[in-house]
1. Restricting attention to the stretch 43-81, report how many residues are without any contact (Cβ under 8 Å) to a residue 24 or more places away in the chain, closer than 17 Å to Thr28 by Cβ and of a type outside the set (Ser, Thr, Tyr).
2. Can you tell me which residues in the stretch 111-152 are under 14 Å from Ala99 (Cα atoms) and among the basic types (Lys, Arg)?
3. For the stretch 126-147, give me each residue that is among the β-branched types (Val, Ile, Thr) and under 16 Å from Ala93 (Cβ atoms).
4. Please count how many residues of the stretch 131-156 are surrounded by fewer than 12 Cβ atoms within 10 Å (Cβ to Cβ) and of a type in the set (Ser, Thr, Tyr).
5. Could you tell me which numbered condition Ala97 fails, if it satisfies all but one of (1) surrounded by 15 or more Cβ atoms within 10 Å (Cβ to Cβ); (2) touching a residue at least 40 places away in the same chain (Cβ under 8 Å); (3) on the phi < 0 side of the Ramachandran plot?
6. If I filter the stretch 54-81 down to residues being away from the ligand (no atom under 14 Å from the Cβ) and either closer than 18 Å to Trp32 by Cβ or among the small types (Gly, Ala, Ser) (or both), which single residue comes out as modelled with the highest pLDDT?
Amino acid sequence: MGAQQGRHLGPKSASLLDRHPEVDRDLTVALWLGITLAEFDRLAPLERDLWIKKWHAQQVCPDCGNPISECSDPERLWASYRRICYATMERNAAQDAYAGLHETAPFHDGTFTSWSKKRAGQHRFHFSHGVTICVADHDLTPWDPFTTERDASPIPPDPEETSEE
Ligand SMILES: [Zn+2]
């Protein structure tokens with residue numbers, strides 16, 4: 001059988017596969033489907049595309065994103081690493097600091113400057129309500145030290161008042 005295959009894959013067909021990787025892929029997909037390349041070529045273009053997409057999806061490991069042929073090889077070595085997002089690190093630290101600052105009296109009256117231990121009366125807002133902590137490459141709200149001062153107001157100062165000082 002090897003000799004027969006050798007006859008079919010002469011230098012002409014080998015260079016055909018090199019020059020047209022999509023032919024190589026179609027052969028693999030046809031083999032995967034258990035049909036011949038000619039049968040695969042006769043499928044409607046949409047169906048061919050769907051099978052190719054399906055085949056591609058099955059080649060990638062859903063757990064690690066590597067080709068399945070690589071990550072299921074028991075002889076292959078893998079090394080773990082940590083990828084760090086310093087912007088997210090900064091945001092998480094700000095979130096923790098903000099939560100820590102409001103641990104004992106978490107409810108405010110809408111001003112962020114008057115706090116209560118219990119949700120009662122005007123103090124019906126939890127410190128997290130409506131608050132999204134973000135990061136930027138510089139301080140966009142320098143008037144609001146929300147991670148260090150419990151009663152910091154989120155409202156920017158009036159520009160006219162500050163210029164009179
Ligand atoms: Zn994997």
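1. Total satisfying the criteria: 16.
2. Residues satisfying the conditions are Lys117, Arg150.
3. Val131, Thr132, Ile133, Val135, Thr147
4. 2
5. With (1) surrounded by 15 or more Cβ atoms within 10 Å (Cβ to Cβ); (2) touching a residue at least 40 places away in the same chain (Cβ under 8 Å); (3) on the phi < 0 side of the Ramachandran plot applied to Ala97, the lone miss is (1).
6. This residue is Ala79.
The values are calculated or read from the model by the stated rules, or taken from the named source; none is laboratory data. Source: prediction; values computed, not measured. All Cβ positions, glycine included, derive from the backbone under ideal geometry; neighbour counts span all protein chains shown.
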